[in-house]
1. Test ILE146 against the stated conditions and say whether it is of a type in the set (Val, Ile, Thr), more than 27 Å from GLU234 (Cα to Cα) and open to solvent by less than 10 Å² (accessible area, probe 1.4 Å).
2. For region 199-234, give me the residue count where each residue is of a type in the set (A, V, I, L, M, F, W, C) and within 21 Å of SER247 (Cβ to Cβ).
3. Taking LYS130 as meeting all but one of (1) under 29 Å from ILE180 (Cα atoms); (2) touching a residue at least 24 places away in the same chain (Cβ under 8 Å); (3) open to solvent by 30 Å² or more (accessible area, probe 1.4 Å); (4) part of a helix (DSSP H, G or I), write down the number of the exception.
4. If you go through region 53-72 one residue at a time, how many are in a helix (DSSP H, G or I) and open to solvent by 60 Å² or more (accessible area, probe 1.4 Å)?
5. If VAL437 satisfies every condition in (1) part of a helix (DSSP H, G or I); (2) open to solvent by 40 Å² or more (accessible area, probe 1.4 Å); (3) touching a residue at least 12 places away in the same chain (Cβ under 8 Å); (4) aliphatic (A, V, I, L, M) but one, which is the exception?
6. Check LEU337, LEU326 and return the single one that is out of contact with any Asp or Glu (no Cβ under 8 Å at 6 or more places or on another chain), over 23 Å from GLN265 (Cβ atoms) and open to solvent by 10 Å² or more (accessible area, probe 1.4 Å).
7. May I ask you to list the residues in region 266-288 that are open to solvent by 10 Å² or more (accessible area, probe 1.4 Å), assigned to a loop (DSSP other than H, G, I, E, B) and free of Cβ contacts under 8 Å to residues at least 60 places away in the same chain?
8. Report yes if some residue within region 309-320 is touching a helix residue (DSSP H, G or I) at 6+ places or on another chain (Cβ under 7 Å) and either outside any helix (DSSP H, G or I) or of a type in the set (Asp, Glu) (or both); otherwise report no.
Amino acid sequence: MNNQKKRNFKIEAFKHRVVVDPKYADKTWKILEHAIHEIYNHNASGLSFEELYRNAYNMVLYKFGEKLYLGLMETMTRHLVEISKSIEAAQGGLFLEELNRKWNDHNKALQMIRDILMYMDRTYIPSTHKTPVHELGLNLWRDNIIHSEKIQTRLLNTLLELVYRERTGEVINRGLMRNIIKMLMDLGSFVYEEDFEKPFLAISAEFYKGEAQKFIECCDCGEYLKKAERRLNEEMERVTHYLDAKSETKITNVVEKEMIANHMQRLVNMENSGLVNMLLDDRYEDLGRMYNLFRRVSNGLSSIREVMTSHLRETGKQLVTDPEKLKDPVEFVQRLLDEKDKYDIIISSAFNNDKTFQNALNSSFEYFINLNPRSPEFISLFVDDKLRKGLKGVSEEDIESILDKVMMLFRYLQEKDVFEKYYKQHLAKRLLSGKTVSDDAERSLIVKLKTECGYQFTSKLEGMFTDMKTSQDTMQDFYAHHPELGDSRTLVVQVLTTGSWPTQPGVTCNLPAEMSALCEKFRSHYLGTHTGRRLSWQTNMGTADIKTVFGKGQKHELNVSTYQMCVLMLFNNADRLTYKEIEQATGIPAPDLKRCLQSLACVKGKNVLRKEPMSKDIGEDDAFFVNDKFSSKFYKVKIGTVVAQKESEPEKQETRQRVEEDRKPQIEAAIVRIMKSRRVLDHNNIITEVTKQLQSRFLANPTEIKKRIESLIERDFLERDNVDRKLYRYLA
């Protein structure tokens, strides 16, 4: 069967000519016309749709399609003219109801008529390029009803009046509105846009322009934003209830322009309630509302960002330059952290974690932190305070959180090498005095610094921990070789590698005879086991525990510094000593001696010495005695040294000088690296490249870079071009 040829069937026309009664078309049309009248008059139940379809089919078949089409147009037009009069006659609120009812009737009639004339719709209309029946019915409704002289303007005014009433708080029939608007949309997007949307948008702009003006005169910023947000939500809700979805963008643009964009600067800078007041009062809800509204308009967020940045920089500048706030470094850094926390919360809760706001926050902090040249020192002092005592009883998570915050401030510093200098000094004091709260916390911070700045930054800090561990082993070995010293370890020595620790130039201090002998014994042992090394005692960094007996036989163990020990041991052989006698006997530098005596004689509850005359300051003519009346409820008493928490001006200058000296080889190394790869480079480009390379550690001074270039030229690393003196060449 598969091999049989397929047969193609063909239907051919009748061979003989069919003759049609000349009056057939008129008779048939009369039947169809009557049916259309009945349909419009709601009497369609008695009609035979099968017979009507056959009649319409035959008219088209016998070439009377034109007559049928024109007759349909004429009949429908007559009915629509009558319907138009009925709608025009409706009064007040009944106008839209009548229009809606007649529209529904017309749609039902149109459906029936289209079913009857389906054959014409499928054959005659496409071949003659005429409008299909359903579309024709809509066009006739548009022309005879919607665009009729008496209905068009009335319809628009009625719709706009209802919208206005709804905006002013009245409840309207949204279902009816939805039906009428849908009718306009069904008639074509052009009808909806021209007959309703454009006038609706224009009158809305006027409405919101007036309302915005009224609100801005009588409301504060927060209240105004609430009203603007409510209006915006109302318009979006209106679209979902009865307007075309495409209208949402257009009407929200109108509200945004009239209520936000046109009043942006005034709102942001509004006195007593604008953005600055919101920031000061932590009004997260209002800030979030401002962000969400302003992000909808062009340049909205940038205007918020500019005012926030300006305010933040101004308050930050006051914070870091106010002499009163600089008195306590720990409090100073805590204020910075509190300020950062405050703005972090604002950006996350109100500004949607917007990256541009985070960048503005970071640049502002970087700007004002570096206005104070002592910021690196203060941040190191803050760390010192926390790692000495501030983290006692704090969970590991909280410790990590505090260290992360410190690292955040550290990233803002332009002079990271200055921080390193101070941090090394403070870490050394903590390690040597055994005052650190947690070794884990210390190491955690070093790991964070290493991650941020690389191995070079932390290698010496890690070396300090290594020295502490090695020193323990050294002391065990020392006492193992000297059993005569017994089990009580009178002397504990930390051997520090010179390059790793911030040791100061050796200051000679005259130790008591008992201590000198022991120190000498250790020196002999250490140099005997390590060749090629030199020991120099850093007495300014040591501590001591001494047992004392006061006037009435009360015994105490005092924990003091090495300097304090040297002073107190003098009173074993004297009842009264003058300042000059003490200075001569101990050889302690004057500033350190004064602080030492101050802590021994002037601190209430710790005054194991008394001085004459009684005063807080130490004078060169003062005399000192053992305070026989000293008492404490504790057997062990710690006598702290009165330390200037911040550096004095000469110390600050000295540290700065050391930092500048340390920077010179780093600048030279950067210049050589750059020139080695580039071979030839002009002056300005060298400055730019060096600054860029070193910015992770410090902000290189162009004048210093120029001096380093000159130094390298003198040492034949570089040479100037013979023609262009601003051009440098690398000499291999």
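The values are calculated or read from the model by the stated rules, or taken from the named source; none is laboratory data. Every value quoted in this text rests on a predicted model; they were computed, and no experiment measured them. Don't worry about glycine lacking a Cβ; one is built from the backbone with ideal geometry, like all the others, and counts go over all protein chains shown. These accessible areas exclude ligands, DNA and RNA; they are computed on the full protein's heavy atoms, side chains included. Shrake-Rupley method; radii C 1.70, N 1.55, O 1.52, S 1.80 Å.
1. On the way: of a type in the set (Val, Ile, Thr): yes; more than 27 Å from GLU234 (Cα to Cα): yes; open to solvent by less than 10 Å² (accessible area, probe 1.4 Å): yes.
Yes, satisfied.
2. Initial filter on region 199-234 (of a type in the set (A, V, I, L, M, F, W, C)): 200-203, 205, 207, 212, 215-216, 218-219, 221, 225, 228, 232.
Checking which are within 21 Å of SER247 (Cβ to Cβ) leaves us with 200-203, 205, 207, 212, 228, 232.
Summing the residues that are of a type in the set (A, V, I, L, M, F, W, C) and within 21 Å of SER247 (Cβ to Cβ) in region 199-234 gives 9.
3. Result: LYS130 fails condition (4) only.
4. Residues of region 53-72 that are in a helix (DSSP H, G or I), as a first pass: 53-61, 65-72.
Still in the running and open to solvent by 60 Å² or more (accessible area, probe 1.4 Å): 53-54, 57, 61, 66-67, 70.
Summing the residues that are in a helix (DSSP H, G or I) and open to solvent by 60 Å² or more (accessible area, probe 1.4 Å) in region 53-72 gives 7.
5. So VAL437 meets the others, but not (1).
6. Working: LEU337 fails: open to solvent by 10 Å² or more (accessible area, probe 1.4 Å).
Going through LEU337, LEU326 in turn, just one is out of contact with any Asp or Glu (no Cβ under 8 Å at 6 or more places or on another chain), over 23 Å from GLN265 (Cβ atoms) and open to solvent by 10 Å² or more (accessible area, probe 1.4 Å): LEU326.
7. ASN269, MET270, GLU271, ASN272, ASP281
8. Of region 309-320, the ones touching a helix residue (DSSP H, G or I) at 6+ places or on another chain (Cβ under 7 Å) are 309, 311-313, 316-317, 319-320.
With the extra rule that they be either outside any helix (DSSP H, G or I) or of a type in the set (Asp, Glu) (or both), the set shrinks to none.
Scanning region 309-320 turns up no residue that is touching a helix residue (DSSP H, G or I) at 6+ places or on another chain (Cβ under 7 Å) and either outside any helix (DSSP H, G or I) or of a type in the set (Asp, Glu) (or both).
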